[in-house]
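First up is the structure itself, then whatever we jot down about it.
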Amino acid sequence: MRTKPLPKSAKTPTRVGSQALLEKFGLGSPAALALHLPMRYEDETQLWTIEDALMKSASGAVQTQGTVIRSQVVYRPRRQLLVTITDDHSELNLRWLNFYPSQQKQMAIGAHLRVRGEIRDGYLGPEMVHPTVRAISPDAPLPKSLTPVYSVAAGISQTMIRKAVMGALSDPSMHTVLAEILPKTLLGKAAEGVMQFTLRDAVMYLHQPPADADTDALIERTHPAWRRVQLEELLAQQISLKQAHAVRKGRSSPPQILANKQTGSLTQQLLSALPFQLTAAQKGVWAQISDDLRASFPMNRLLQGDVGSGKTIVAALASAQMVERSYQVAIMAPTEILAEQHYLKFKEWFEPLGISVLWLSGSMKSKDKKQAQESIESGQAHIVVGTHALIQEAVHFAALGLAVIDEQHRFGVRQRLEISQRIGSETYYCHQLMMSATPIPRTLAMTYYADLDVSVIDELPPGRKPIATKLVKDGRRQEVIAGLEQWLQKGLQAYWVCPLIEESEALQLQTAVDSHAELAAVLSQYRVALIHGRLKAEEKASIMANFKAGKIDVLVSTTVIEVGVDVPNAALMVIEHAERFGYAQIHQLRGRVGRGSADSVCILMYSEPLSLAAKERLQTLREVSDGFVIAERDLALRGPGELLGAKQSGEAMLRFVDLQRDAWLIQIAHELAERLLAEHPDLVKAHLGRWVGSRTEFLKA
């Protein structure tokens with residue numbers, strides 16, 4: 001019996017639905033589809049008999065085909081679909097733990113299936129679990145190229161996106177969309193290896209690689225076709241950041257009209273009152289910042305320095321230079337405990353000089369917060385220290401001249417600030433100084449901070465002793481506690497750091513609460529305190545003040561003491577379950593000791609078994625104290641998204657470039673961007689339109 005064809009109106013929703021899904025995923029145009037390149041590839045160009053496939057099972061995924069002779073839903077112990085296929089010589093089981101009725105219908109008895117996956121031993125014999133399946137005729141031809149696998153969103157199948165991409169590549173507009181923009185005359189010898197393909201040929205190749213393609217190079221993204229695409233993407237990013245840099249240089253910085261006759265005096269008073277001398281590195285960085293603060297365009301500088309290198313005093317000198325010109329300064333940190341450390345330090349330095357230092361945080365009582373906001377708006381508050389509460393709409397500065405943002409990567413990319421102010425009819429942008437104790441690897445700085453000027457404090461203050469780092473199995477816990485007691489007998493203090501404050505059955509970690517109880521019982525003659533993130537701000541501040549004053553001997557803590565805490569008498573740190581911490585966290589924590597005259601030790605106590613990654617991480621931390629080396633290892637492990645705070649924003653960063661693998665391309669793109677901007681502004685616009693589009697503002701953030 002013939003079925004009646006569906007009316008055209010009935011077919012429309014499917015087509016519109018597919019298009020709407022693609023548009024929602026950002027793939028609504030042929031250009032977007034053409035540049036949505038595969039994540040990986042499957043080799044469906046070879047077909048094996050089931051017997052040969054079973055012989056090759058140890059070598060990874062294989063492709064075979066056969067007719068369905070059994071298809072049933074079983075419950076052992078959970079609901080699953082079991083299918084058996086045969087090619088008249090051998091049989092193979094297929095298993096699905098999650099499946100749709102449509103799949104069950106597709107694999108009915110008698111259907112001929114081509115399947116691809118890894119074969120493993122199952123309860124009923126060799127099987128494939130969740131293989132790739134296509135219902136075909138027994139003599140269906142094999143593909144002539146590798147099969148691309150794309151990243152997709154919910155509701156978009158690989159079949160749907162492959163069909164859409166093929167349609168886009170055959171669209172007449174593709175000749176224009178992928179036309180060559182870069183003049184070969186601009187590309188020196190360094191880029192010759194990148195230009196083996198035109199962009200159009202590279203994109204076509206990556207979507208439809210031939211069967212004899214170098215599969216490893218395609219998967220690892222080192223193939224010349226990938227290199228062509230990577231250079232184009234890096235170039236667009238470098239151009240965008242350089243344009244942002246140029247825009248900043250075209251803006252007005254805080255004008256000199258507010259400067260009083262005492263310019264330079266406050267800075268000199270601060271320097272004279274310090275109980276220490278600046279290091280040569282601090283003086284060099286301070287000279288750079290001082291010049292920036294006198295420039296006609298706003299400063300946008302990243303100040304890097306290892307833990308304890310003395311970044312805060314450099315920020316204080318910058319603050320003094322702006323305050324003596326009658327401008328206000330905002331000091332912002334990501335956590336209250338770090339912000340409060342800055343507040344106490346700035347009060348100690350500035351209040352004896354007659355400068356008002358104000359505290360503002362989200363946890364303040366409404367009355368106190370309103371009073372602080374009034375002081376800021378009236379200009380009575382010269383230096384304001386706090387958390388992200390400083391950038392809320394209710395806060396209005398009378399004349400903000402400088403924003404200092406500590407550990408700025410924790411705020412996320414989108415929260416890098418652009419603060420404009422008005423004096424009469426004149427608009428200006430305040431200077432910005434961002435500080436980081438987690439050094440930014442050079443490749444990361446060149447790709448994501450190219451719009452910033454970067455300064456590095458590359459030496460520690462005199463008297464800072466190296467910190468000995470030791471690895472100890474948690475089975476020796478009692479030995480560690482006994483050693484801690486000997487440490488306390490010398491009159492020194494110690495940190496004991498734990499990753500959690502509540503019992504977790506999944507992680508099975510000893511908690512900070514339990515550790516505090518244990519240490520307080522064993523070291524009953526000493527004062528043992530507990531601090532963690534769930535305490536109120538006033539409680540945390542009180543505990544830290546008592547620890548700094550020597551009224552607490554052992555501070556059991558979660559990672560709230562990771563940054564900003566300066567207690568010279570604390571010379572021992574024990575980190576429990578160190579295998580659970582990342583490179584940067586342990587390096588930051590370790591930097592809390594070694595600030596006094598005593599020899600300092602950091603004990604990394606770990607649980608076995610260790611993963612290879614954890615073992616490598618702990619061994620590196622034991623042997624290496626250079627923050628830049630550790631930052632490079634951290635970048636290799638976590639990628640730029642986490643280090644920059646970009647993962648939280650949900651924005652795509654570089655899609656095709658890996659900063660470790662492709663570092664050599666960055667310099668080529670960097671130099672090429674400068675030449676294009678100087679010599680070919682028309683090509684710059686076309687290149688950005690192709691690669692960045694609506695993401696331009698994100699790259700400037």
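Results, tabulated for the structure shown:
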{"quantity": "Enumeration of residues in segment 149-201 that are in a helix (DSSP H, G or I) and in contact with a Leu (Cβ under 6 Å, 6 or more places away or on another chain)", "calculated": "ALA164, VAL165, ALA168, VAL194, LEU199, ARG200"}
{"quantity": "Enumeration of residues in segment 279-311 that are closer than 15 Å to GLU459 by Cβ, open to solvent by less than 20 Å² (accessible area, probe 1.4 Å) and among the hydrophobic types (A, V, I, L, M, F, W, C)", "calculated": "ALA281, VAL285, LEU303, VAL307"}
{"quantity": "Residue within segment 140-155 that is of a type in the set (Phe, Trp, Tyr) and without any contact (Cβ under 8 Å) to a residue 60 or more places away in the chain present", "calculated": "no"}
{"quantity": "Residues of segment 100-131 classified as among the charged types (D, E, K, R) and surrounded by 13 or more Cβ atoms within 10 Å (Cβ to Cβ), total", "calculated": "4"}
{"quantity": "Complete set of residues in segment 249-278 that are open to solvent by less than 50 Å² (accessible area, probe 1.4 Å), at pLDDT below 85 and among the aliphatic types (A, V, I, L, M)", "calculated": "ALA259"}
{"quantity": "Selection within segment 72-90 - part of a strand (DSSP E or B) and either open to solvent by 100 Å² or more (accessible area, probe 1.4 Å) or farther than 26 Å from GLU42 by Cα (or both)", "calculated": "GLN72, VAL73, VAL74, TYR75, ARG79"}
{"quantity": "Tally of residues being open to solvent by less than 40 Å² (accessible area, probe 1.4 Å) and either basic (Lys, Arg) or over 39 Å from the mean Cα position of the chain (by Cα) (or both) across segment 132-142", "calculated": "2"}
{"quantity": "Inter-residue pairs, beta-carbon under 6 Å, first closer than 18 Å to ALA494 by Cβ and in segment 534-551, second not in a loop (DSSP other than H, G, I, E, B), 6+ apart", "calculated": "ILE543/ALA529; ILE543/ILE531; PHE547/LEU555"}
{"quantity": "Matching residues in segment 340-355 - criterion: being in contact with a strand residue (DSSP E or B) (Cβ under 7 Å, 6 or more places away or on another chain) and without any contact (Cβ under 8 Å) to a residue 60 or more places away in the chain", "calculated": "TYR343, PHE346, LYS347, GLU351"}
{"quantity": "The one condition in (1) within 23 Å of ASP43 (Cα to Cα); (2) over 31 Å from the mean Cα position of the chain (by Cα); (3) small (Gly, Ala, Ser); (4) modelled with pLDDT of 85 or more that ALA179 fails to fulfil", "calculated": "(1)"}
{"quantity": "Count - residues of segment 202-248 that are over 17 Å from TRP691 (Cα atoms), out of contact with any strand residue (DSSP E or B) (no Cβ under 8 Å at 6 or more places or on another chain), outside any loop (DSSP other than H, G, I, E, B) and open to solvent by 40 Å² or more (accessible area, probe 1.4 Å)", "calculated": "5"}
{"quantity": "Test: residue in segment 358-374 that is modelled with pLDDT of 90 or more, in a helix (DSSP H, G or I), farther than 29 Å from ILE543 by Cβ and open to solvent by 40 Å² or more (accessible area, probe 1.4 Å)", "calculated": "yes"}
{"quantity": "Members of segment 128-148 that are among the basic types (Lys, Arg) and in a loop (DSSP other than H, G, I, E, B)", "calculated": "LYS144"}
{"quantity": "Pairs where the first residue, in segment 420-433, is closer than 14 Å to SER326 by Cα and part of a strand (DSSP E or B) and the second is at pLDDT below 80 and open to solvent by less than 60 Å² (accessible area, probe 1.4 Å), C-beta under 9 Å, 6+ apart", "calculated": "ILE423/LEU258"}
{"quantity": "Residues of segment 519-544 satisfying the condition of being touching a helix residue (DSSP H, G or I) at 6+ places or on another chain (Cβ under 8 Å) and assigned to a helix (DSSP H, G or I)", "calculated": "LEU519, VAL522, ALA537, LYS540, ALA541, MET544"}
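The values are calculated or read from the model by the stated rules, or taken from the named source; none is laboratory data. Since the structure is predicted, the reported quantities are computational estimates derived from the model, not experimental observations. In this analysis, Cβ positions are derived from the backbone assuming ideal geometry, glycine residues included, and neighbour counts consider all displayed protein chains. Side chains are part of the model used for accessible areas, which takes the heavy atoms of the whole protein and leaves out ligands, DNA and RNA. Shrake-Rupley method; radii C 1.70, N 1.55, O 1.52, S 1.80 Å.
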